[in-house]
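Encoded as structure tokens, the structure appears first; notes follow it.
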Amino acid sequence: MPERLYRWTKKRMRQQLEVVRGERPPSLVLKNATYLNVARRKWVRGNIWVSDDRIVYVGNELPNMVYDTEIVDCQNMKIVPGYMEHHAHPFQLYNPHTFAKYAAMTGTTTLLNDNMMLFLHLEKKKALTFIEELDELPVSMFWWARYDAQTELLNDDAFSNSKMKEWLDHPLVIQGGELTAWPKVLEGDDATLHWMQETTHLRKRIEGHLPGASNKTLSQLALLGVTADHEAMTGEEAVRRLDLGYVTSLRHSSIRPDLARILKEMKAIGIDRFDRCLLTTDGSPPSFYKDGVMDKLIAIAIESGVTPIDAYLMASYNPAVYYQLDHKLGMIAPGRIAHLNIIQDEFHPTPISVIAKGQWVLKDKKRCVTFDQFSWDQYETKPFHIDWDLKEDELHFSMPMGIEMVNSVILKPYRISVEGSHPTIRNGHDESFFVMIDRHGKWQLTTMIKGFATHVKGFASTFTVTGDIILIGKSVPDMVRAFNALKEQGGGLALVEGGEVIGRIPLEIFGMLSKKAMEDLIPEEEEFVSLLRERGYKYEDPIYSMLFFSSTHLPYIRVTQQGIYDVKKKTILFPAIMR
């Protein structure tokens with residue numbers, strides 16, 4: 001049943017008592033287990049009894065009644081709580097269902113997810129029904145409630161009062177944020193502050209998004225209710241947040257693979273306790289997870305000199321405590337949901353076997369639970385539909401100012417140096433045509449982009465934070481051909497050269513998400529990114545580049561539905577024009 005105020009009914013709780021009393025058999029017993037006792041911060045020997053999805057007993061005794069009970073001898077192995085990714089963005093080409101299935105296979109059995117795509121693309125009732133259906137999976141899935149769209153939309157009705165209230169009130173929503181619009185709040189945005197107050201009133205957490213924030217900025221946001229942040233990029237920044245009372249998430253992601261360095265810098269400063277530190281991969285693209293999810297970060301922490309116990313706690317007990325879930329998660333103790341990872345030893349966090357909600361997800365490195373196919377159709381998640389045409393002569397590039405990529409996600413203005421009146425630009429330099437077009441064909445913005453690539457002829461994407469279409473390339477005919485490829489495949493990514501489609505990733509859900517399993521999506525993304533790199537893309541992550549072209553929480557300029565936007569001055573430099 002979906003997560004509610006009472007997870008277990010009175011009848012189920014009475015049955016669980018009967019198991020402990022010996023009047024009913026447990027469903028699973030892990031005997032001779034050496035498990036991580038987080039209360040004592042020690043490895044302890046004992047037997048673990050599970051009744052369906054709940055741990056009911058941990059101690060020296062074995063049950064007397066064992067008919068239909070599976071008994072597993074865990075001699076010479078260790079058991080740790082299931083891992084928790086507390087800051088997931090489950091829409092980086094994959095979707096919440098396929099990511100949860102994949103993450104569980106390496107021991108990440110609890111996810112706290114960004115709700116942005118559901119908030120913007122699904123009607124409220126369907127979105128909340130969607131997260132309740134996902135809660136039926138073997139993994140535990142919780143959600144954030146966004147306060148802002150992270151861009152400048154033409155229509156901001158998505159964040160209506162009734163919609164915000166129902167999201168925040170939902171029991172599966174345990175956090176507000178992440179707060180990307182904090183400058184507006186500090187400057188007087190009382191609408192967002194109201195929802196921050198409501199979040200605090202509901203005794204739920206507020207996650208910041210505070211890159212480069214000073215002590216004064218962090219102090220002010222703490223006064224407004226922000227309790228955690230994941231944007232520390234150095235050990236000093238992480239310690240600054242700890243000193244000001246923040247719970248600090250240490251990130252290792254595709255565009256910020258910083259964890260080893262941050263931990264070493266923290267240790268050099270003198271940090272030897274990590275009770276208020278968490279770990280996150282911050283929603284990276286599929287190929288980043290080729291070697292694991294939270295198990296990968298735990299291994300990095302151990303290799304960086306953190307004690308194994310601290311490393312495991314940062315990915316299990318610490319987030320459970322912070323989100324006030326430690327009565328249900330993060331411990332191997334009676335009353336907790338049976339998320340258990342069986343590992344070779346404390347130095348190898350990738351599990352041999354995984355139990356999620358009392359079910360074997362992985363046993364002796366073999367998959368057990370298939371995760372039923374998700375019923376996407378009932379949520380009206382149709383392919384990206386384009387019912388209009390784009391002609392080459394509709395694209396004119398006469399704007400004096402273009403956008404320059406500083407890295408994967410940072411954009412600054414630059415003065416265009418190439419002639420844009422011809423339909424093609426020569427190779428060998430890093431300036432290209434850039435177009436953003438309304439998904440319904442009503443408006444467009446045309447300029448130049450510097451730094452994206454040197455030899456990309458035609459590239460098209462519906463993978464954008466606004467849900468609109470981006471075209472990039474040296475050849476207008478190939479850009480239009482790439483647009484038509486998106487039209488044919490129902491959204492996603494397409495790469496064209498000489499009129500031929502040489503690479504594509506269909507994204508059947510909203511034009512943003514693939515229905516494919518992660519194991520199939522990873523090589524597809526790797527191949528597409530390789531094609532871009534061969535044509536001059538030089539930064540860490542082109543998938544994030546696509547998503548963040550319109551994201552106004554990043555400096556210095558952005559391409560939005562309203563036009564080219566100056567983030568610092570909060571003004572439109574060049575408006576989009578009607579087609």
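The values are calculated or read from the model by the stated rules, or taken from the named source; none is laboratory data. Here the structure is a predicted model, which is why all the values come from computation and not from measurement. When we count neighbours, we look across all protein chains shown, and the Cβ atoms used for this are built from the backbone with ideal geometry, even at glycine. Accessible surface is based on the protein model in full, side chains and every heavy atom, while ligands, DNA and RNA are left aside. Shrake-Rupley method; radii C 1.70, N 1.55, O 1.52, S 1.80 Å.
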For this session: Could I have the simple spin-label model distance between Gln75 and Asp169, label points 7 Å from Cα toward Cβ, reported in nm to one decimal?
Result: 5.7 nm
For this session: Set the Förster radius R0 to 35 Å, insert the Cβ-Cβ distance between Thr571 and Phe347 as r into 1/(1 + (r/R0)^6), and round the FRET efficiency to 0.05.
Result: 0.05
For this session: For region 268-334, list log₁₀ I(q)/I(0) at each q in 0.20, 0.22, 0.24, 0.28 Å⁻¹, using the Debye formula over Cα point scatterers of equal strength and ignoring solvent, two decimals each.
Result: -0.87, -0.99, -1.08, -1.21
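Computed FRET efficiency, Cβ-Cβ of Glu394 and Lys538, R0 22 Å: what is it to the nearest 0.05?
On the way: r = 30 Å, r/R0 = 1.38.
Here the calculated transfer efficiency is 0.15.
How would you rank 210-217, 440-447, 548-555, 315-322, highest first, on the average number of other Cβ atoms within 10 Å across their residues? It would help to have the intermediate numbers written out before the result.
Details: 210-217: 14.4, 440-447: 17.9, 548-555: 21.4, 315-322: 25.1.
In decreasing order of mean packing, 210-217, 440-447, 548-555, 315-322 become 315-322, 548-555, 440-447, 210-217.
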Seminar exercise, completed: Taking every C-alpha to C-alpha distance in region 401-456 and binning by 5 Å from 0, the per-bin percentages run 4, 18, 26, 26, 15, 9, 1
Problem set entry | Charge tally in the Cβ shell below 13 Å around Gly335, where Lys, Arg are +1 and Asp, Glu are -1, Gly335 excluded | +3
Seminar exercise, completed: Heavy-atom accessible area of the chain with neighbours in place, 1.4 angstrom probe: carbon+sulfur share in percent works out to 50 percent
Exercise. So what's region 40-87 giving for Rg/Rh, alpha carbon basis, Kirkwood Rh from the mean inverse pair distance?
Worked result: 1.00
Seminar exercise, completed: Quick calc: nm separation of the 7 Å Cα→Cβ label points for Ser219 and Thr307 -> 3.4 nm
Exercise. Counting pairs of Cα atoms in region 1-82, how many percent are more than 17 Å apart?
Worked result: 49 percent
Seminar exercise, completed: On each of the three principal axes the extent of the alpha-carbon atoms of region 524-579, given in whole Å and largest first, is 38, 28, 18
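Order these peptides, 121-131, 469-479, by their mean beta-carbon neighbour count within 10 angstrom, highest first. Walk me through the intermediate numbers first.
Details: 121-131: 17.4, 469-479: 24.9.
Per-residue mean Cβ counts within 10 Å order the peptides as 469-479, 121-131.
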For this session: Enumerate the aspartates and glutamates that Lys125 could reach by cross-link, defined here as Cα to Cα under 18 Å, with residues fewer than 8 away along the same chain left out.
Result: Glu3, Asp114, Glu133, Asp135, Glu136, Asp157, Glu166, Asp169, Asp377, Glu380
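Which whole-number value in Å³ per residue fits the convex hull of the alpha carbons of the chain? Numbers along the way, then the final one.
Details: hull volume 84.8 nm³, N = 579.
Hull volume over Cα atoms, normalised by residue count, gives 146 Å³.
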Exercise. Relative to the longest principal Cα axis of the chain, at what angle does helix 124-134 sit, 0 to 90 degrees, rounded to 10?
Worked result: 50 degrees
Exercise. What is the spin-label model distance, in nm, from Thr454 to Lys11 if the labels are put 7 Å beyond Cα along the C-beta direction?
Worked result: 7.0 nm
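Which order do the peptides 41-49, 104-112, 176-184 take when ranked by the mean count of other beta-carbon atoms within 10 Å per residue, highest first? Intermediate results must be reported in sequence, preceding the final value.
Numbers: 41-49: 16.9, 104-112: 27.8, 176-184: 23.1.
Going from most to least packed, we get 104-112, 176-184, 41-49.
For Glu236 and Leu202, calculate 0.36 nm times their separation in residues minus their Cα-Cα distance, and state this gained length in nm to one decimal.
On the way: separation 34, 0.36 × 34 = 12.24 nm, distance 3.23 nm.
Difference between extended and current length: 9.0 nm.
Please compute the net charge surrounding Ala88, taking Lys and Arg as +1 and Asp and Glu as -1 over other residues with Cβ under 9 Å from its Cβ. Write down the numbers at each step before the final one.
Numbers: positive: none; negative: Glu85, Asp114, Asp282.
Taking every Cβ under 9 Å from that of Ala88, the sum is -3.
When the solvent-accessible surface of protein heavy atoms is calculated with a 1.4 angstrom probe, in what order do Glu508, Glu187 fall, highest first? Kindly include the intermediate steps, with their values, before the conclusion.
Numbers: Glu508 55, Glu187 130 Å².
Ranked from most to least accessible, the order is Glu187, Glu508.
Using Cα pairs closer than 8 Å and at least 6 residues apart in sequence, work out the relative contact order for region 411-503, in percent. The partial results should precede the final answer.
Values: 190 pairs, mean separation 22.9, N = 93.
Reported as a whole number, the value is 25 percent.
Gain in length, Thr424 to Asp377, computed as 0.36 nm per residue apart minus the alpha-carbon separation, to one decimal in nm?
On the way: separation 47, 0.36 × 47 = 16.92 nm, distance 4.15 nm.
Length difference between fully extended and current span is 12.8 nm.
Going down the list Lys391/Lys487; Lys124/Lys391; Lys124/Lys487; Lys296/Lys412; Lys31/Lys365; Lys124/Lys382, which pairs span over 25 Å between their C-alpha atoms? Walk me through the numbers on the way to the answer.
Numbers: Lys391/Lys487 13 Å; Lys124/Lys391 36 Å; Lys124/Lys487 27 Å; Lys296/Lys412 34 Å; Lys31/Lys365 19 Å; Lys124/Lys382 17 Å.
The pairs that break the limit, which is 25 Å between Cα atoms, are Lys124/Lys391; Lys124/Lys487; Lys296/Lys412.
Calculate, in whole percent, how much of the Cα-Cα pair population of region 214-330 lies beyond 17 Å.
Working: 3700 of 6786 pairs.
The calculated P(r) of region 214-330 puts 55 percent of pairs beyond 17 Å.
Between beta-carbons, use under 10 Å as the cut-off and find the net charge around Pro183, counting Lys and Arg +1, Asp and Glu -1. Intermediate values should be presented prior to the final figure.
Numbers: positive: Lys184, Lys568, Lys570; negative: Glu187, Asp189.
Every neighbour counted, the sum reads +1.
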Seminar exercise, completed: With R₀ set to 60 angstrom, the calculated FRET efficiency between the beta-carbons of Ser417 and Asn64, to the nearest 0.05, is 0.15
Exercise. Quick one: accessible area per residue over region 483-541, 1.4 Å probe, rounded to a whole number of Å²?
Worked result: 38 Å²
Problem set entry | Over region 86-224: Rg over Rh, Cα atoms, Kirkwood Rh | 0.97
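So what's the projected area for region 365-514, the Cα convex hull averaged over all directions, in nm²?
Numbers: hull surface 46.9 nm².
Across all orientations, region 365-514 yields a mean hull projection of 11.7 nm².
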For this session: For Glu540, enumerate residues with amide H under 5 Å from its amide H, sequence gap 5+ or separate chain, H modeled in the peptide plane.
Result: Ser408
Exercise. Stretch Trp43-Lys267 to full length: gain in nm at 0.36 nm per residue minus the Cα-Cα span?
Worked result: 78.2 nm
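Could you give the accessible area per residue of region 258-308, probe 1.4 Å, as a whole number in Å²?
Details: 1870 Å² over 51 residues.
Solvent-accessible surface per residue comes out at 37 Å².
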